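Visitor: Provided herewith is a single structure, encoded as structure tokens, for subsequent inquiry.
Laboratory data are not the source of any read-out in this text; all were calculated from the coordinates shown. Remember, it's a predicted structure, so these values are computed and weren't measured experimentally. Note: ideal-geometry Cβ built from the backbone for every residue, glycine included; neighbour counts use all protein chains shown.
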Amino acid sequence: MDLVFVRLLFAALLAGACYFLRPFGLNPSVGACIGAVSAGAVIVFELRVRALSLRRLIGAVAGSVLGIFGAALFCLVLRSALPPGATSSLVQIFVLLLMTYTGLLVGVYKGDLLNPAALGTVFAGERPTRRTAKVLDTSVIIDGRIADIAEAGFIDGMMVIPEFVLRELQTVADSTDGSKRQRGRRGLDMLQRMQSNCNLQVQIVADDFPAIREVDLKLLELAKKWEAKVVTNDFNLNKVAHLHRVEVLNINDLANALKPVVLPGERMTILILKEGKEFNQGVGYLDDGTMVVVDHARKMIGRSVDISVTSVLQTASGKMIFGKMDENGKASESPLRPVPEEIAR
């Protein structure tokens, strides 16, 4: 809002100056209009300059200065080659504009080849922070695994949390539903944990898009603006982001990639926790949460059995392992363990 006020004040002052000073003998109203249009052009130019990186800005300035210097040398020759008059002045102005414009464009397009850090310590702080930023969505914050991954050093750059995501988290934390309230508070605790870690860069940004109502679409627009990646575990957001050509880091994909590779024929010991969907099946889980379905193991619920893997199925929600008990069908020498009520269900 401060910048908007300054821009409006600048336009009003320039229009007022042209109204009272009457440049070129213009009518006051016409002069005020020209002043306002000129102010608008300056504001548009300022917005374009703000979008430039430091390298391109330095290149544009250097190219313009070199173009003006080259035009001055050309004009020295033209003054002696052409007779004084309107034609000579017009040619000199044309050469000045041409050289300045050419130098500006070349400097902008070749500016990425510059190394600002080599010009001195004053430019040493320039870092491509936006392109390495990661925009976190609500689901991945509530999930909590992002904090462990970041603390382990597997995610670099700045982690960006928009204020509209914070508002959504607060809404969930204030819900009358006990389950939602617990999830929202867990997300806020995860954010506080990451902010308290001095090795992590966490920034809360006020960027918003009032014309867009959906939080997911706001996230994608923010990622485009920052040239950042979206970190999520939302399957639908993942798909929509790919349609918008926004890079996504899916925590579930990372978890699936880190699961141990199991091949048919391998042997393992599994604790059967509950019965499966099909007749006489038993179900157990590996330490990483992978479901293991064992044929003819329903009677072994609560016991550890030795099995051999028959097949592995990769699904969108994760990996499933199918196996069968050894031919002897005996359980391991482990005592009978009670099955947790919530798992048995």
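Visitor: Based only on other Cβ atoms within 10 Å, what is the fewest-to-most ordering of Ile58, Ile212?
Guide: Working: Ile58 18, Ile212 14.
Going from sparsest to densest Cβ surroundings: Ile212, Ile58.
Visitor: If each residue of separation counts as 0.36 nm, what is the full-extension length gain between Ser29 and Ala211 once their alpha-carbon separation is subtracted?
Guide: Values: separation 182, 0.36 × 182 = 65.52 nm, distance 3.55 nm.
Full extension from Ser29 to Ala211 adds 62.0 nm.
Visitor: Pairs of alpha-carbon atoms within less than 8 angstrom and 6+ residues apart define the contacts here; what relative contact order does segment 127-280 have, in percent?
Guide: Values: 193 pairs, mean separation 41.2, N = 154.
Normalised by residue count, the contact order of segment 127-280 is 27 percent.
Visitor: Between Ala152, Ala39, Ala206, which gets the highest mean-square fluctuation from a Gaussian network model of the chain, Cα cutoff 10 Å?
Guide: Ala39
Visitor: Which whole-number percent gives the relative contact order of the chain, counting Cα pairs below 8 Å spaced six or more residues apart? Intermediate results must be reported in sequence, preceding the final value.
Guide: Working: 515 pairs, mean separation 33.0, N = 345.
With pairs under 8 Å counted, the relative contact order is 10 percent.
Visitor: Using only the Cα atoms of the chain, construct the convex hull and provide its projected area averaged over every direction, in square nanometres to one decimal. Walk me through the numbers on the way to the answer.
Guide: Details: hull surface 119.9 nm².
For the chain, averaging the hull's shadow over all directions gives 30.0 nm².
Visitor: Mean Kyte-Doolittle hydropathy of -0.5 or higher plus an axial Cα length of 24 Å or more: which whole DSSP H helices in the chain meet both?
Guide: On the way: long enough: 2-21 (28 Å, 1.98); 28-50 (33 Å, 1.28); 54-81 (40 Å, 1.60); 86-110 (36 Å, 1.44); 178-196 (27 Å, -1.67).
The answer, listed by residue number, is 2-21, 28-50, 54-81, 86-110.
Visitor: Exposure proxy check: Cys75, Cys18, Cys198 ranked by fewest other beta carbons within 10 Å?
Guide: Numbers: Cys75 17, Cys18 24, Cys198 6.
Lowest to highest Cβ neighbour count: Cys198, Cys75, Cys18.
Visitor: Among Ser311, Ser38, which comes first, then next, by fewest other beta-carbon atoms within 10 Å? Could you put the intermediate results ahead of the total?
Guide: On the way: Ser311 11, Ser38 14.
Sorted ascending by nearby Cβ count, the order is Ser311, Ser38.
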